[in-house]
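Visitor: I'd like to ask you about the structure that follows.
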């Protein structure tokens with residue numbers, strides 16, 4: 001199993017995902033888009049993961065590499081490879097599949113519960129009906145045609161979808177570690193100065209980081225189900 005991930009900024013990488021992949025002795029490679037690195041050939045990987053970032057899916061003029069990234073994601077989906085997007089990565093998948101991405105009514109930053117909302121054999125088997133996850137987003141995607149919408153939060157109705165059983169989009173962050181959260185606070189902490197119902201202050205975020213091990217375990221169970229038996 002060869003996993004390739006796309007990284008949009010230096011401070012938002014795969015975090016726990018990298019730990020899991022290394023522990024499984026899988027091949028891991030990266031394209032640092034912020035360094036204008038070249039995208040790989042489709043023959044060079046089996047699974048594509050798309051990380052988060054502070055930019056939006058329509059910021060192509062500011063980040064010209066995003067146009068090539070979208071075409072690459074579309075091509076990967078058409079190749080029927082496993083594709084997993086987190087936060088911005090999930091929004092890019094939605095955009096490629098023809099769904100809208102727009103500013104949500106609420107920014108959602110910090111630790112808030114997500115809830116499963118539809119029956120899905122995969123997630124019913126591995127996740128509880130409700131649990132705390134880490135969030136850092138202001139936009140929300142629409143659910144693409146043909147996709148299964150399976151999770152929501154109070155502040156954001158569309159938190160995740162599955163498309164054709166091999167494409168997965170998560171608005172929330174199960175990959176976060178205490179270290180990766182500190183990087184977000186350091187680089188995007190200006191967003192925490194806002195007074196908003198669904199935006200927590202740094203101290204609250206750090207205190208509630210007690211949920212990190214549970215989130216990482218939920219992600220581990222998902223990755224085991226999707227990639228663990230692949231050869």
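Here, each number is a calculation from the coordinates, and none is a lab measurement. Computed from a predicted structure; not experimentally measured. FYI the Cβ positions are ideal-geometry reconstructions off the backbone, even for glycines, and counts take in every protein chain you see.
Visitor: For every helix of n ≥ 4 consecutive DSSP H residues, a contribution of -39,500 (n - 2.57) applies; sum these over the chain, divide by its total residues, and give [θ] at 222 nm rounded to the nearest 500 deg cm²/dmol. If you can, show how the numbers build up before the last one.
Guide: Working: 7 runs with 69 residues, N = 231.
One gets -8500 deg cm²/dmol as the mean residue ellipticity at 222 nm.
Visitor: Below 8 Å between Cα atoms, with a sequence gap of 6+, how large is the relative contact order for the range 122-170 in percent? Numbers along the way, then the final one.
Guide: Details: 43 pairs, mean separation 11.5, N = 49.
After rounding, I find 23 percent.
Visitor: Now, a different point. So between residue 43 and residue 211, what do we pick up on full extension, going 0.36 nm a residue minus the alpha carbon distance?
Guide: Values: separation 168, 0.36 × 168 = 60.48 nm, distance 3.75 nm.
Value of the extension gain: 56.7 nm.
Visitor: With each label point set 7 Å from Cα along the Cα-Cβ vector, what nm distance links residue 195 and residue 179?
Guide: Between residue 195 and residue 179, the label points sit 3.8 nm apart.
Visitor: While we're on this one: Want the number for residue 71 to residue 157: 0.36 nm per residue separation, take away the alpha-carbon distance, what's left?
Guide: On the way: separation 86, 0.36 × 86 = 30.96 nm, distance 2.71 nm.
The residue 71-residue 157 span can extend by a further 28.2 nm.
Visitor: So for the pair residue 122, residue 204, with labels modelled 7 Å out along Cα→Cβ, what separation do we get in nm?
Guide: 3.3 nm
Visitor: Please find the FRET efficiency linking residue 60 to residue 165, where r is the Cβ-Cβ separation and R0 is fixed at 45 Å, and quote it to the nearest 0.05.
Guide: Details: r = 30 Å, r/R0 = 0.66.
Computed FRET efficiency for residue 60 and residue 165 comes out at 0.90.
Visitor: Return P(r) of the range 97-190 (all Cα-Cα pairs; 10 Å bins starting at 0; whole %; ordered from short to long distances).
Guide: 15, 46, 32, 6
Visitor: Label points 7 Å out from Cα along the Cβ direction at residue 34 and residue 148: separation in nm?
Guide: With each label point 7 Å from Cα toward Cβ, the separation is 3.5 nm.
Visitor: Under 8 Å for C-alpha pairs, at least 6 residues apart: give me the relative contact order for the range 2-226, rounded to a whole percent. If you can, show how the numbers build up before the last one.
Guide: Values: 421 pairs, mean separation 44.5, N = 225.
Across the range 2-226, relative contact order equals 20 percent.
Visitor: So, by mean Cβ neighbours within 10 angstrom, what's the order for 133-144, 102-113 with the highest one leading?
Guide: Packing order, densest peptide first, comes out as 133-144, 102-113.
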